[in-house]
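One structure below.
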Amino acid sequence: MGKNQHELLRVLDKPYLPLHNNLSERDIRDYVKKRKISGSTRSDAGRKARDTFASLKKTCRKHGMSFWGYLKSRLLKLEGIPPLSEVIRAAAASV
């Protein structure tokens, strides 16, 4: 522990960071349950599509946005819902 003291005490430099990864674990829980039930996908393209939409859904949920509203705004080129990149940057800037 003495050799790694700096690494172990790094959390003191950034006290706003959680000491656990429970949020990350919770993010993938739905995905793992569905994968176990369905037996996964049949192709790499299907896996990529599933992973992309699952990530979009979780990100929208974390930022209080409607996933379906976000998809409609992107597909129909509607105004009103900003791109997720802007939402994430704004959230990071406010921390």
Condition test on S43, is it hydroxyl-bearing (S, T, Y) and either under 25 Å from A92 (Cβ atoms) or surrounded by 10 or more Cβ atoms within 10 Å (Cβ to Cβ) (or both)?
no
Could you please find all residues in region 53-68 being exposed (fewer than 13 other Cβ atoms within 10 Å of the Cβ) and either touching a helix residue (DSSP H, G or I) at 6+ places or on another chain (Cβ under 7 Å) or of a type outside the set (A, V, I, L, M, F, W, C) (or both)?
R61, G64, S66
Counting only residues that are within 20 Å of the chain's Cα centre (by Cα) and surrounded by 10 or more Cβ atoms within 10 Å (Cβ to Cβ), which one in region 73-85 is nearest to K58 (Cα to Cα)?
L84
Any idea which of K72, K36, K58, K48 is at pLDDT below 75 and outside any loop (DSSP other than H, G, I, E, B)?
K36
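The values are calculated or read from the model by the stated rules, or taken from the named source; none is laboratory data. Nothing here was measured: the structure is a model prediction, and the numbers come from that model. Cβ: placed from backbone, ideal geometry, glycine included. Neighbour counts: every protein chain shown.
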